[in-house]
Amino acid sequence: MNVNKLLQILSASLLMVASVGYAECGRPEVPSVPDGALATEAELAAAQTAVKDYMAGTNVYLECLAQEEADGLESEAPEIAAERIAAHNQAVDDMEVLAEQFNTAVRAWKAQPAE
């Protein structure tokens, strides 16, 4: 086996082992938000609970990523740091999108004519 091939295999192996670190931070699944124009009050209340739980779980996930960054900063491959930053940014983006979806659903629900 030539040296370049061996270095490629070793690099790939190190990346996989290093990327396992932030993969251990459990990111919650994004909940669905009902259509506010069609949802009942109970469905919207359940969605609110799911959104709050998601936000809290995602904050724990972000704290975990930050701790892993602090723990492995000096020995970490730059690619792993970049992946962690991308994961952090995606989680924050997802939180913002979910908050807007929920707020849109609430506005649509409030706009329904009274029965």
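The values are calculated or read from the model by the stated rules, or taken from the named source; none is laboratory data. Source: prediction; values computed, not measured. For neighbour counting, all protein chains shown are included, and Cβ atoms are generated from backbone atoms with ideal geometry for every residue, glycine included.
Could you tell me whether G72 is crowded, with 17+ Cβ neighbours inside 10 Å and either in contact (Cβ under 8 Å) with a residue 40 or more places away in the chain or touching an Asp or Glu at 6+ places or on another chain (Cβ under 7 Å) (or both)? The answer is no for G72.
One residue is enough: does the range 58-69 have a residue meeting the conditions small (G, A, S), in a helix (DSSP H, G or I), modelled with pLDDT under 95 and surrounded by 12 or more Cβ atoms within 10 Å (Cβ to Cβ)? Yes; the residues of the range 58-69 include at least one that is small (G, A, S), in a helix (DSSP H, G or I), modelled with pLDDT under 95 and surrounded by 12 or more Cβ atoms within 10 Å (Cβ to Cβ). Listed by first and then second residue, the pairs with beta-carbon distance under 7 Å, at least 6 apart or on different chains, first residue in the range 91-113 and without any contact (Cβ under 8 Å) to a residue 60 or more places away in the chain, second assigned to a helix (DSSP H, G or I) and surrounded by 11 or more Cβ atoms within 10 Å (Cβ to Cβ), are M95/M55; M95/T58.
Looking for something surrounded by 11 or more Cβ atoms within 10 Å (Cβ to Cβ), closer than 21 Å to K110 by Cβ and of a type in the set (D, E, K, R) - is there at least one such residue anywhere in the range 82-90? Within the range 82-90, not a single residue is surrounded by 11 or more Cβ atoms within 10 Å (Cβ to Cβ), closer than 21 Å to K110 by Cβ and of a type in the set (D, E, K, R). Within the range 99-115, work out how many residues are over 20 Å from V30 (Cα atoms) and surrounded by 11 or more Cβ atoms within 10 Å (Cβ to Cβ). Qualifying residue count, the range 99-115: 4. Consider A39 carefully, then state whether it is surrounded by 16 or more Cβ atoms within 10 Å (Cβ to Cβ) and at pLDDT below 85. So A39 does not fit the description; no.
Considered as a group, the residues in the range 34-54 that are part of a helix (DSSP H, G or I) and without any contact (Cβ under 8 Å) to a residue 12 or more places away in the chain include one that is farthest from D94 (Cα to Cα), and that residue is A42.
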